[in-house]
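This report concerns only the one structure given below.
The values are calculated or read from the model by the stated rules, or taken from the named source; none is laboratory data. Note that the structure is a prediction, hence the values are computed from the model and not measured. A quick note on method: Cβ atoms are made from the backbone with ideal geometry, for glycine too, and the neighbour counts reach across all protein chains shown. SASA here: full protein model, heavy atoms, side chains in, ligands and nucleic acids out. Shrake-Rupley method; radii C 1.70, N 1.55, O 1.52, S 1.80 Å.
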Protein chains: 2
Amino acid sequence: MRPVAILGIGQTKIDELWEKSIRDIAVEALLAALQDSGRESADGLFVGNMMSGTLNGQNNLAPMIADWAGLKGAEAVKVEAACGSGGAAFRSALMAVASGELDSALAVGVEKMVDRPPHEVTAALATAADADYETDMGVSFVGLNALIMRRYMHEYGWKHADFAPFAINAHANAMHNPFARLHQKISLENFEKSAMIATPINLLDASPIGDGAAAVYLVPADRIPAGLRIEVAGSASATDTLAIHDRPEALFLTAAYKSAQAAYSQAQAKPEDIDVFELHDAFTIMSALSLEACGFAERGKGVQLGLDGEITPQGRIPVTTRGGLKARGHPVGATGVYQIVEVVQQLRGECAETQVSDARIGMAQNIGGSGATIVTHILRKE
Amino acid sequence: MRPVAILGIGQTKIDELWEKSIRDIAVEALLAALQDSGRESADGLFVGNMMSGTLNGQNNLAPMIADWAGLKGAEAVKVEAACGSGGAAFRSALMAVASGELDSALAVGVEKMVDRPPHEVTAALATAADADYETDMGVSFVGLNALIMRRYMHEYGWKHADFAPFAINAHANAMHNPFARLHQKISLENFEKSAMIATPINLLDASPIGDGAAAVYLVPADRIPAGLRIEVAGSASATDTLAIHDRPEALFLTAAYKSAQAAYSQAQAKPEDIDVFELHDAFTIMSALSLEACGFAERGKGVQLGLDGEITPQGRIPVTTRGGLKARGHPVGATGVYQIVEVVQQLRGECAETQVSDARIGMAQNIGGSGATIVTHILRKE
């Protein structure tokens with residue numbers, strides 16, 4: 001297996017992009033990544049997307065994007081792992097280049113969600129859960145996360161306001177990211193008074209959907225001079241039961257633990273070595289669980305990192321430095337690729353106000369379903 | 001890149017499986033492949049499926065199957081390339097093992113189609129075409145293939161009955177495949193009198209949908225003693241424009257040509273070396289186009305191979321030896337994996353009445369959309 005590095009990145013603003021179709025958005029991000037890479041084409045395209053078949057009437061999405069971006073017959077497939085689709089597509093692109101099958105590959109994450117009415121989008125998002133044993137019982141995707149959060153608060157004695165730092169940090173960081181969906185600072189008071197969605201999850205615990213696409217260009221590491229490389233030092237994916245009630249421990253993200261451990265081992269790194277961590281804060285509870293499973297906090301103590309100010313760009317383990325799912329936005333199948341793009345921006349030192357000083361090793365973790373599929377990547381400046 | 005070989009295979013009968021869910025079917029094929037391989041688990045699962053989000057209300061399909069099959073947290077993703085999903089999933093599994101990332105991988109193709117009413121299935125199948133520029137204009141997927149077939153007949157002077165051998169051969173071969181959906185011999189008279197669907201495509205030009213799953217277990221080639229190996233000697237995927245009207249030549253499968261040439265080159269083989277060819281006969285016209293693009297006939301002459309009896313198990317280039325899409329059945333996302341399973345059966349010499357004598361090199365070609373994504377594999381007994 002040969003080492004692989006990132007040559008270029010691209011992204012669109014996340015928003016309600018009424019005047020653009022799914023192909024427009026995907027191609028915009030893809031062309032930005034090509035331009036950033038100084039390339040005109042790629043051998044392969046791996047598209048992360050969850051719902052194009054349901055919300056856009058379009059399967060066979062990958063050849064369409066390859067065609068419209070001028071990739072001239074390149075191999076192209078879609079990879080789906082619910083909200084973890086972007087990370088899974090990046091990993092597929094990585095394996096294609098690492099295996100020697102392809103000499104270059106693009107990973108593009110894209111989702112176009114706002115064209116359909118909200119009840120259709122809610123139903124489509126619920127397909128990330130177990131259709132027969134969860135969804136058909138009437139629980140929505142936010143409802144499942146609410147059950148986990150409520151249990152976590154009960155087990156460990158946290159109150160709702162203790163989760164506020166995750167949302168406040170994300171919104172503060174997004175102020176400086178022109179691609180973020182939400183540009184509004186929030187306070188603890190805003191957080192506490194926000195409208196309830198599924199108790200105890202309120203509006204400011206939850207990430208907004210949106211239309212958007214992000215892209216990354218991968219090449220064998222030896223094609224980039226040493227000193228300028230951002231290498232994929234660790235990559236792993238693991239799964240857990242799809243239904244939460246089948247797990248022995250509902251409050252521990254076993255798949256996050258497994259994939260993080262494998263990625264640490266490949267990168268020969270420990271949690272203390274990670275300078276920046278783009279985690280999957282679909283809901284504030286997921287930030288806490290992700291920090292715990294990846295070894296940044298003991299079980300039940302993830303929330304404390306926020307309260308102690310350790311998750312800001314100046315803290316011990318900066319998270320959601322570009323706004324995270326919470327404020328950058330969560331176009332589901334695209335999110336995992338946005339996370340990689342943002343870690344690259346940090347390692348390149350392009351983040352200005354939210355730059356983590358001397359960032360050399362970054363991690364991204366993308367979650368599909370309520371922890372069913374978890375993909376973890378570690379990138380390192382070499 | 002390390003060589004990869006096939007350790008085991010599994011499949012379900014294709015039928016209207018009313019009493020089984022998509023998870024039941026997938027797990028049945030997967031467990032059969034595990035048993036055939038003498039293994040209890042695998043490092044990764046790559047699921048080929050097109051429509052689970054639309055027809056079964058289930059995305060995040062791969063972790064669900066991994067969970068229910070007892071794969072204990074293994075990496076699992078879904079790969080989608082419309083009707084080419086199975087071949088694409090097999091190729092993803094191959095790259096994962098070839099790269100050294102995983103030491104074993106399962107490719108499972110599955111589709112559960114008959115639970116939904118026919119108009120919903122027709123609409124879901126149409127998502128394989130270009131939603132904005134084909135489907136929204138009112139053309140169905142069979143309609144697109146009918147346009148190609150009509151043009152082919154016009155350009156090259158063939159009449160409809162000339163396509164009959166493709167259907168007759170497929171039905172004759174399926175008689176001996178217990179997993180096939182259709183077990184009925186057909187005659188030229190049946191073919192000519194069959195009900196018209198979209199002129200000139202009639203019922204016996206078209207493959208039936210169905211519920212079904214197939215599975216293949218992949219390992220590094222050196223884990224199997226020489227002499228007993230079925231090695232993946234060639235693997236390639238290529239794309240064409242999604243919409244047919246964007247192609248300079250609507251009657252030539254450019255992506256089939258590209259992927260076949262790449263696979264031949266990797267396998268150091270020529271068309272004359274191929275002993276058996278499981279092609280993608282979703283409609284009879286596709287058999288002709290596939291044979292031409294892969295170098296078995298000149299342009300416009302693919303039909304002649306059928307008329308000359310060269311496509312039967314005793315002919316020069318045996319195709320659809322287990323019934324093909326036409327009579328084995330076409331559970332879309334599963335088809336590409338069924339093709340691999342069937343080539344393995346031929347190379348193992350397990351096909352009795354439809355066995356190709358001394359089969360040593362086999363090819364499988366899986367098509368997504370009207371030729372937009374084409375994945376070609378060459379397997380060789382070593």
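Points worth noting:
- Between identical copies, the spacing of B:E16 label points, each set 7 Å from Cα toward the C-beta atom, reads 4.4 nm from nearest to farthest.
- Once the 1.4 Å probe is applied to the protein heavy atoms, the protein assembly as shown comes out at 32 Å² accessible per residue.
- Set of aspartates and glutamates near A:K193 by C-alpha distance (under 17 Å), chain-local residues within fewer than 8 positions excluded: A:D162, A:D205
- Only protein heavy atoms count here; on that basis, with a 1.4 Å probe, A:L305 has an accessible area of about 10 Å².
- Prolate/oblate/rounded label for the range A:110-190 (Cα gyration tensor, a/c 1.5): oblate
- For GluC sites (Glu not before Pro), the sites in the range B:191-279 that DSSP calls loop and that have at most 10 other Cβ atoms within 10 Å are B:E249.
- Between B and A, buried accessible area from a 1.4 angstrom probe totals roughly 4300 Å², ignoring ligands, DNA and RNA.
- Share of carbon and sulfur in the accessible heavy-atom surface of the range B:192-271 [1.4 Å probe, %]: 54
- In the assembly of identical copies, B:K270 has its label point, taken 7 Å from Cα in the direction of the beta carbon, separated from the corresponding points by 6.2 nm (ascending, one decimal).
- Farthest positive-ward along the protein assembly as shown dipole, Cα basis, beta-carbon charges - from B:G368, A:V344, B:A214: A:V344
- Peptides A:26-36, A:355-365 ranked from most to least packed give A:26-36, A:355-365, packing being the mean of other C-beta atoms within 10 angstrom over each peptide's residues.
- Selection from B:L34, B:A105, B:A69, by position along the positive dipole direction of the range B:1-107 (Cβ): B:A105
- HN-Hα J in Hz across the range B:169-174 - Karplus 6.51, -1.76, 1.60, θ = phi - 60°, x for Gly and Pro: 4, 4, 5, 5, 5, 5
- Paramagnetic reach from B:L188 (point 7 Å along Cα→Cβ, amide N under 15 Å) across the range B:300-314: B:304-310
- Distant-in-sequence amide contacts of A:A213, defined by a placed amide H-H separation under 5 Å and a gap of 5 or more residues or a different chain, comprise A:T12.
- The charge dipole of the range A:85-225, taken about the Cα centre with unit charges on the Cβ atoms of Lys, Arg (+1) and Asp, Glu (-1), comes to about 460 debye, rounded to the nearest 20.
- Chain A versus the axis that turns it onto chain B: the residue with the nearest Cβ and the distance in whole Å amount to A:S99, 2.
- Note: relative contact order over chain B, using C-alpha pairs below 8 Å and six or more positions apart, is 26 percent.
- Against the rule of thumb 2.2 N^0.38 Å, how large the Cα Rg of chain B comes out: 0.90
- Take each residue of peptide A:78-86, count the partner chain Cβ atoms within 10 Å of its Cβ, and average: the result is 6.
- Note on B:88-100: average number of Cβ atoms from other chains within 10 Å of each residue's Cβ is 5.
- When the alpha carbon coordinates of the range A:1-159 are projected onto the principal axes, the ranges are 52, 38, 29 Å, largest first.
- Only the Cβ atoms of Lys and Arg (+1) and of Asp and Glu (-1) were treated as charged; on that basis the dipole of chain A about its Cα centre amounts to roughly 400 debye.
- Whether the range B:43-86 is rounded, prolate or oblate, judged on the alpha carbon gyration tensor where a/c under 1.5 counts as rounded: oblate
- 7 Å along Cα→Cβ, label-point gaps from A:H119 to other copies, nm, shortest first: 1.9
- The range B:47-89, accessible surface, carbon-and-sulfur percent (1.4 angstrom probe): 55
- Mean projected area in nm² (Cα convex hull; one quarter of hull surface) for the protein assembly as shown: 28.7
- FRET efficiency estimate (nearest 0.05) - Cβ-Cβ, A:L228 to A:E120, R0 51 angstrom: 0.65
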